[in-house]
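K.L.:
Before anything else, here's the structure in question.
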Amino acid sequence: MKTDHLFDERLSRYFCIVGILFVLNAIRMQNTLVADQWGSSEISTNDDNWSNKNYKIDVEKENGKMMGHAFDDVDGNWSYPIIHVLHTRFMQQQSDLVELAKARLVLFRTFCLGSIVHQTIWEETNIKATSDSSSPPILWLIKTDPNLDPHILKELLDMVRPYPFIYVIATNTNYGIGSETGGWRDGKEGREVLSSSIYTGNVMWLKQAYHAREKHAVAETRLDADDGLHIQFFSTIQQDISARLVISQDQQIHHPRLKWRYWCVENHLAWTPSPPFATTNATSYGMVLPWHQPYECITPGITVALSAGERQDSVPRFMHHKLFKQIMMFKNHTGCGSKSNSCLKMINQDPLVGAIRSRTPTSAGMKNVARKEEDVQQMAKKSYFV
């Protein structure tokens, strides 16, 4: 018991250090992005700027003309060994909530965007996040309401436009992670995306990935617009995909190739702004709490991958909070091809802390938002340290 206590204490200290570094790094990445990429695109809350009715958005009309009738217009082939699609939803079915959208843009810029464009996978593959010369390791689909306020849309487009692997798409239809049917492998996601208005991104990559979806391993990851992932996340996931889903016949002697696999983040940080009961001397940076959830999948970073040729409907689908129990505990679904129960893997090292979640009144839900002092005490009881 004493050993367990010492381990908990050491890990608690580690979490505290990582938490501070995670937040400081998010701030650093935000400042870097603003200084180097966005210039004057920083969000303005000036009423005159936001209420200019004569303002018109310069959308990517060329891309718009390609949508809906050019699925076969493909120049070249998909060259990256994996097709990895990242799914993010922004203000879907909430186009008229402008003030809410302003707040969510700040969270997106601070926690979400920087964590993806600074992934180590870019450096490891010698591909720049701002380059459109070769197939990227990530295709990021950001879906938003087709009637999103034009000023909000412009701010969003200005943030992501330097990155050709990021696509802002006008649609309220979702596939991929979760209980909904369909995804990239069966073509439902690709057809929906390529039939919608796409404001940013290299559309040719989408077409290539759509046509290559049967020949390559396909991975799909979920990330909410107010959360972030550790910068080693995609590197860790794709190394595991290469080792277990993209392997030759000779390599299968020791580790049989899996048909599919899920990944979930086991440890994460939860950030909340300074609660209303805080004293006037409280920090303006809010507070960070570490969370250890070894038996439940959280939404940021939840990933599913299929080996080449494997059918989409062969993968069991559950809501994220039911996924671990159904796959690992009940063992009702071992059809991934593993002799042991390796159909779901919890990410708990490299990185140890896989994600950061922002918990604010602007979140989709109010879960874990500290509205009174008792809320903080309750969250602390549920965290790793107890």
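The values are calculated or read from the model by the stated rules, or taken from the named source; none is laboratory data. Everything quoted here is computed from the prediction, not taken from an experiment. Methodologically, a virtual Cβ is constructed for each residue, glycine included, from the backbone with ideal geometry; neighbour enumeration extends over all protein chains shown. The accessibility values were calculated without ligands, DNA or RNA, using every heavy atom of the protein model including side chains. Shrake-Rupley method; radii C 1.70, N 1.55, O 1.52, S 1.80 Å.
K.L.:
Which of Lys188/Lys345; Lys154/Lys215; Lys128/Lys259; Lys154/Lys345; Lys207/Lys322 have a Cα-Cα distance over 28 Å?
P.N.:
Lys154/Lys215; Lys128/Lys259; Lys154/Lys345; Lys207/Lys322
K.L.:
Right, something else. Could you give the length gained by full extension between Ser340 and Glu124, i.e. 0.36 nm per residue of separation minus their alpha carbon distance, to one decimal place?
P.N.:
Working: separation 216, 0.36 × 216 = 77.76 nm, distance 3.12 nm.
Extra length from Ser340 to Glu124 when fully extended: 74.6 nm.
K.L.:
Then there is this: Given a 1.4 Å probe, how much area per residue of the range 138-219 is accessible, in Å²?
P.N.:
Numbers: 2170 Å² over 82 residues.
Result: 26 Å² of accessible area for each residue.
K.L.:
Which whole-number percentage describes the relative contact order of the range 92-169, with Cα contacts under 8 Å and a sequence gap of 6 or more? Before the final figure, lay out each step's value.
P.N.:
On the way: 61 pairs, mean separation 32.5, N = 78.
It rounds to 42 percent for the range 92-169.
K.L.:
Shifting gears a bit: Put a dot 7 Å past each Cα toward the Cβ at Leu100 and His292; how far apart are the dots in nm?
P.N.:
It is 3.6 nm.
K.L.:
Would you please classify the overall shape of the range 104-218 from the alpha carbon gyration tensor, given that a ≥ b ≥ c denote the square roots of the eigenvalues, rounded means a/c under 1.5, and beyond that prolate means a/b larger than b/c while oblate covers the rest? Don't skip to the end; give the middle numbers.
P.N.:
Working: a/c = 1.63, a/b = 1.07, b/c = 1.52.
Oblate is the answer for the range 104-218, as a/c is 1.5 or above yet b/c matches or exceeds a/b.
K.L.:
For Asn172 paired with Met319, estimate the spin-label separation in nm (one decimal), with each label point 7 Å from Cα along the Cα-to-Cβ line.
P.N.:
2.1 nm
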